[in-house]
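Down below is the structure, laid out as structure tokens.
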Amino acid sequence: MPADAALLTDIPFFHFLDDNERVALAAQLEEVQLPEGQVLFNYGEPGDCLYVIRTGKAEVFFKDDTGTRIVLEVAGTGDVVGELSLLDGGPRTASVVVTEALDALRLDRGDLDQFLRTHPAAAIDLLSAMGRRLRVSAERLRHTASRNVNVEAEDKRTTVQKVADWIADFSGSIPFLVLHVAFFAAWILLNVPRIPHAPMFDPFPYGLLTMVVSLEAIFLSVFVLLSQNRQAAKERIRGDIEYEVNIKAEMEVAHLHEKVDLMNANAADTAARIRRLERLIERRPGS
């Protein structure tokens with residue numbers, strides 16, 4: 001088996017092709033060498049070819065609505081890039097740039113069409129490969145875990161912030177209320193005139209108690225404000241994470257729709273070809 005056909009054996013996208021189909025497909029491949037920094041294609045460009053990477057690496061990425069560069073994957077030896085746009089004829093869904101000098105095999109749309117005309121059964125094999133990739137993508141999406149907002153916020157707290165959070169939490173609890181009720185009751189009872197001329201450290205109207213409570217309220221409000229500021233920062237992180245999750249879900253659903261539409265179109269095309277072949281066979285003399 002030729003070297004290029006042997007390489008296709010280990011590539012999941014061509015896994016369902018038989019040996020003869022791989023040899024025929026390998027004959028349609030064009031060898032290309034691309035230097036580091038070379039752009040294979042950009043988002044939105046027409047999809048007229050795919051690349052099978054023999055050596056080197058390429059980065060698959062796109063930019064979201066905010067201009068942030070999001071790397072989808074770093075493709076290496078044995079990976080295929082550009083297959084989706086090649087099959088459905090739509091625009092590129094991501095950009096690809098070479099990050100390490102690339103030795104690759106290029107398959108154009110015309111060559112693929114010629115291959116499928118001579119090997120119509122291979123269309124079913126390619127559909128099977130796309131279906132398996134769709135299942136893998138769906139499984140990854142089902143188990144994808146996003147960042148935990150509590151972990152993101154908790155790990156960055158300073159000692160003062162931890163103390164402020166603890167005080168804010170404790171000041172809003174029932175034990176805090178019970179403790180203060182007991183403290184105020186004891187303070188007042190100790191300063192009630194039970195024995196004439198008995199010394200009292202804070203007689204009515206309890207000026208010292210008022211000062212203590214006021215100081216406590218001042219310090220407590222500062223700690224509560226610190227904790228509230230941290231909670232506001234945590235909510236901002238939560239909002240960012242929820243936005244990321246929504247964007248990711250939207251993109252994955254869009255990709256799933258594209259793949260399903262592609263599979264349906266290819267299945268319909270294959271069925272039409274099979275019906276044409278059946279009619280040609282029926283028309284042959286002696287059939």
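Summary of computed values
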{"item": "Lysines with Cα under 23 Å of Lys259, excluding same-chain neighbours fewer than 8 positions away", "result": "Lys63, Lys248"}
{"item": "Options Leu220, Val160, Tyr243, ranked by Cα towards positive dipole end of the range 149-251, top entry (Cβ charges)", "result": "Leu220"}
{"item": "Additional length obtainable on full extension of the chain from Val163 to Lys63, 0.36 nm per residue less Cα span", "result": "31.9 nm"}
{"item": "Rough spin-label spacing in nm, given labels placed 7 Å along Cα→Cβ, for Asp113 and Phe183", "result": "8.4"}
{"item": "Cα-based shape type of the range 149-251, given that a ≥ b ≥ c are square roots of the gyration tensor eigenvalues and the cut on a/c is 1.5", "result": "prolate"}
{"item": "Relative pair counts by distance (%), Cα atoms of the range 237-287, 10 Å bins", "result": "22, 22, 17, 15, 11, 8, 4, 1"}
{"item": "Neighbour-count ranking [beta-carbon atoms within 10 angstrom, fewest first] of Lys259, Lys57", "result": "Lys57, Lys259"}
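Every number in this text was worked out from the coordinates using simple rules, so none of it is lab data. What you are looking at is a predicted structure, and each value in this text was computed from that prediction instead of being measured. As a convention, Cβ positions derive from the backbone with ideal geometry for all residues, glycine included, and neighbour counts pool all protein chains shown.
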